[in-house]
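Some notes on the structure that comes next.
The values are calculated or read from the model by the stated rules, or taken from the named source; none is laboratory data. A quick note: this is a predicted structure, and the numbers were derived from the prediction, not measured. FYI the Cβ positions are ideal-geometry reconstructions off the backbone, even for glycines, and counts take in every protein chain you see. Accessible surface is based on the protein model in full, side chains and every heavy atom, while ligands, DNA and RNA are left aside. Shrake-Rupley method; radii C 1.70, N 1.55, O 1.52, S 1.80 Å.
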Amino acid sequence: MCCWRNLPDPACDRRHARAWRRLARGAGAMLPGVLVICAALPARADDLAEIQAIREEMRRLEAKVERLEAHHAHAPGNGMHASISHGVRQNQLSGGGATGVSSHPIDPHAVPDLRHLSIGGAAVSPDAQTAAEEANESVQDNDNQQQPQLNMDSSSPLSITQTGVDSLPPVFRIGGVSVRLGGFIDFSNIYRSKNLTSGPATSWGSFPYANSPNAHTGEYRPSAQLTRLSVLLQGTPTDHQVLSAYIETDFGGAAGTANSYQTNSYTPRIRQAYMTFSDTKWGFHVLAGQAWSLTTGYTQGLLSRHEQLPPVVDNNQIPGIVFTRVPQIRFIKDFGRKWWVGLSFEAPQVAFAESDGMLNDGTLEPGVGMRGGTDILYNNSGSGMLNPNAKYSMDVAPDIVLKGALDTRLAHYEVYGLARWFKSLAKTYGSNSIRERVSFAGGVGGDITVHAIPKFLQVTGNVLAGKGIGRYGPSMISDATFKPDGTPAPIPELIGSLGLIGHPTNNVLLYLYGGIETAGRRTYRGLDGMQYGYGVSDLDLESCNIEEITSSTCNAQTRTIADMTVGGWWHVLQGRYGAVMTGVQYTYVHKIAFSGNNGAGRSVDPTTGGNTIYVTFRYLPFQ
């Protein structure tokens, strides 16, 4: 261009060339006007006042070009043509076409930059394209240049616990919506000292007692089911409003044809699928869809994809972590991004438990003072689009979570309350009518993350105490049992954990966790003098400790599950090809049952435990 030829030699470097390419793109169809301006430039092109005047003129021209293009794009039959022609002109002005003005040769082996792709709408703005080009050119200047490291400083690194999609640039745009892709390929080698016949999500409450032959052998189970993919779509109606849609899936589903014999045909499933609206001016945020429960801890604030999840491999977390991942609608208000208040209405489900002999063909054993048992109904098999092989509770209202949070320089604090309602249908002995029986349950909880040594060591902890809260722990202790009249009886429970997350180097993360889930008793005395409910103390548990080659019956009810977990991740490789990580994790779990007897008055205290080892490899192509 004439401008380049009139510049003194020191100004003809790559930086000035990029600046003038930005100027040319902004002019667009007004290219003759650009040339007139260029011709009128004085010899001292590095004069700051002249440069500022040129920039102001080009902003005016750019705005005019965008108005003309928008008008042309809305003309009948011209939408796609306008988008394509604009993209072609942008490509030519940046040296991508045969008639381009750039003197830089085109690399035939270069990978196309899909961030410039636009479908069905205006292309990426010139400023955004220039910023992307400058980033790409800085990499192309040195193909061996090390890319920025994945963020391993967090107590819950997104590259490990989620998909890290928020830190990635848009891959392309659909109209005014940016599209980001995230995820990883996962290959996990799993060894358990006791055979659970479980995939990469350990069923912590299922560790067998000595009566089961599976308690005397281990299992090795390699799996790629934790492979995860995500898509984040975002649009900005105004400069302070953001609309988002997020979809995340893995291969943790197991259809009726799934097996590990020949094809390992495990199916995709929804992990998360939700939409959000944020207004940063008013500090107001809304989420609707399937996401992590608001009871889950957060690293900062209360916004999605900032959950304080332990950096473990196991898809069922570890005992003591509070979480669910369910459909919900959530309202968040922040006050200066320091104080936060959230209210969430979440899909309910209840797991009921009964002791041996408590229910006979749907009839409860009568309690003291009753003439006969109560007929009850508390769940149904799924139909329609629900799983016909699963039982679904009869729910009254959503689970409600109200949470407050505070962010400071050294720590993040949370406190919340949880409200739940359980329902059953009951017909008492001698009655001709069916009645609904409803009970209230819930609890209070809190979370904390302390940056003990910033960027090197974090301490994190969580606790939830109440009744009927077993659903919120990975061990899946039951939520409730029944009173003799059929009313749900929520079980008192406590869930908690404490963790240390260390970062000895930029590419190594180490963690140590301890957790516990424990339940109390909820029983009644029957007409026969026996206890019924959860946590009864007069069960005959002698068979739980007798080793048999075929499983004998053990009716022990779980009182406590505790664990200790240690592990680490090594960020092996990083570059334009993505990132590679490997992790090792060891967990010891200990399960304790409520005491019973041997049928002759001697106390029996069944316990069991086991070891789990993960060796995992992950490729993150988008990181």
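Could you tell me whether SER156 is in a loop (DSSP other than H, G, I, E, B) and of a type in the set (Ser, Thr, Tyr)? Yes, satisfied.
Within region 475-489, the set of residues being open to solvent by 10 Å² or more (accessible area, probe 1.4 Å) and within 13 Å of GLY535 (Cβ to Cβ) comprises ILE477, SER478. Quick check on region 467-499: of everything there that is charged (D, E, K, R) and not in a strand (DSSP E or B), which residue is farthest from the chain's Cα centre (by Cα)? Only one residue tops the list, namely ASP485. Which of the residues belonging to region 548-577 are among the acidic types (Asp, Glu) and farther than 28 Å from ASP314 by Cβ? Answer for region 548-577, where residues must be among the acidic types (Asp, Glu) and farther than 28 Å from ASP314 by Cβ: just GLU548.
If you take the residues in region 204-216 that are closer than 23 Å to VAL313 by Cα and out of contact with any Gly (no Cβ under 7 Å at 6 or more places or on another chain), which one is least open to solvent (accessible area, probe 1.4 Å)? So the residue we want is TRP204. Cβ-Cβ distances below 6 Å connect the following pairs, each with a first residue in region 392-405 that is closer than 20 Å to VAL350 by Cβ, a second residue that is buried (at least 22 other Cβ atoms within 10 Å of the Cβ) and among the basic types (Lys, Arg), and a separation of six or more residues or different chains: ASP399/ARG420.
In region 355-370, the condition of being open to solvent by less than 80 Å² (accessible area, probe 1.4 Å), touching a residue at least 12 places away in the same chain (Cβ under 8 Å), under 27 Å from GLY253 (Cα atoms) and not in a strand (DSSP E or B) is met by no residue. For beta carbons closer than 9 Å, sequence separation of 6+ or different chains, a first residue in region 202-217 that is closer than 16 Å to PRO606 by Cβ and part of a loop (DSSP other than H, G, I, E, B) and a second that is at pLDDT 95 or above and charged (D, E, K, R), the qualifying pairs are PHE207/ARG192; PHE207/LYS194; PHE207/LYS591; PRO208/LYS194; TYR209/LYS591; SER212/LYS194. Per the listing GLN225, GLN234, the residue uniquely outside any strand (DSSP E or B) and either of a type in the set (Lys, Arg) or at pLDDT 95 or above (or both) is GLN225.
If you go through region 452-465 and keep only what is touching a residue at least 40 places away in the same chain (Cβ under 8 Å), in a strand (DSSP E or B) and within 16 Å of LEU510 (Cβ to Cβ), you end up with LEU457, GLN458, VAL459, THR460.
A single entry from GLN162, GLN146 fulfils the requirement of being farther than 28 Å from ARG59 by Cβ and at pLDDT 90 or above: GLN162. Cβ separations smaller than 6 Å between residues 6+ apart or across chains give the following pairs from region 610-623 residues that are touching a residue at least 40 places away in the same chain (Cβ under 8 Å) to residues that are outside any strand (DSSP E or B) and hydrophobic (A, V, I, L, M, F, W, C): GLY610/PHE207; TYR614/VAL313; THR616/VAL313; PHE622/LEU168; GLN623/LEU150. Can you tell me which residue within region 373-395, out of those that are touching a Leu at 6+ places or on another chain (Cβ under 9 Å) and not in a strand (DSSP E or B), is surrounded by the most Cβ atoms within 10 Å (Cβ to Cβ)? It comes out as THR374. For LEU510, are the conditions met, namely being open to solvent by 30 Å² or more (accessible area, probe 1.4 Å), closer than 30 Å to GLN623 by Cβ, at pLDDT below 95 and in a strand (DSSP E or B)? In short, no. Considering GLN328, GLN349, the condition of being closer than 22 Å to ARG420 by Cα, open to solvent by 20 Å² or more (accessible area, probe 1.4 Å), modelled with pLDDT of 95 or more and among the polar types (S, T, N, Q) is satisfied by GLN349 alone.
Here is a yes/no grid of residues against (1) among the aliphatic types (A, V, I, L, M); (2) in contact with a helix residue (DSSP H, G or I) (Cβ under 8 Å, 6 or more places away or on another chain); (3) modelled with pLDDT under 95:
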| residue | (1), (2), (3) |
| --- | --- |
| PHE277 | no, no, no |
| GLN308 | no, no, no |
| VAL312 | yes, no, no |
| ALA353 | yes, no, no |
| ASN360 | no, no, yes |
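Taking residues in region 574-597 that are over 30 Å from ASP540 (Cα atoms), and partners anywhere that are aromatic (Phe, Trp, Tyr) and part of a strand (DSSP E or B), the pairs with Cβ atoms closer than 6 Å and at least 6 places apart or on different chains are VAL580/TYR619; MET581/TRP569; THR582/TRP570; THR582/PHE617; GLY583/TRP569; GLN585/TYR614.
For region 540-557, the criterion of being surrounded by fewer than 20 Cβ atoms within 10 Å (Cβ to Cβ) and within 29 Å of ILE321 (Cβ to Cβ) is met by at least one residue. For the residues VAL286, VAL231, VAL242, the requirement of being closer than 30 Å to GLY461 by Cβ, out of contact with any His (no Cβ under 8 Å at 6 or more places or on another chain) and among the aliphatic types (A, V, I, L, M) singles out VAL286. When ASN545, ASN555, ASN597 are checked against the criterion of being at pLDDT below 95 and in contact with a Leu (Cβ under 6 Å, 6 or more places away or on another chain), a single residue qualifies: ASN555. In contact with a Pro (Cβ under 9 Å, 6 or more places away or on another chain), closer than 26 Å to PHE622 by Cα and surrounded by 13 or more Cβ atoms within 10 Å (Cβ to Cβ): does that describe LEU287? Spelling it out, it is not the case that LEU287 is in contact with a Pro (Cβ under 9 Å, 6 or more places away or on another chain), closer than 26 Å to PHE622 by Cα and surrounded by 13 or more Cβ atoms within 10 Å (Cβ to Cβ). Test ARG522 against the stated conditions and say whether it is surrounded by fewer than 15 Cβ atoms within 10 Å (Cβ to Cβ) and of a type in the set (Lys, Arg). Against the criterion (surrounded by fewer than 15 Cβ atoms within 10 Å (Cβ to Cβ) and of a type in the set (Lys, Arg)), ARG522 does not qualify.
Checked against the criterion of being at pLDDT 95 or above, surrounded by 15 or more Cβ atoms within 10 Å (Cβ to Cβ), more than 25 Å from the chain's Cα centre (by Cα) and of a type in the set (D, E, K, R), the candidates LYS427, LYS403 yield just one match: LYS427. Scanning for something open to solvent by less than 70 Å² (accessible area, probe 1.4 Å) and at pLDDT 95 or above, does region 261-271 turn up at least one residue? Yes, some residue in region 261-271 is open to solvent by less than 70 Å² (accessible area, probe 1.4 Å) and at pLDDT 95 or above.
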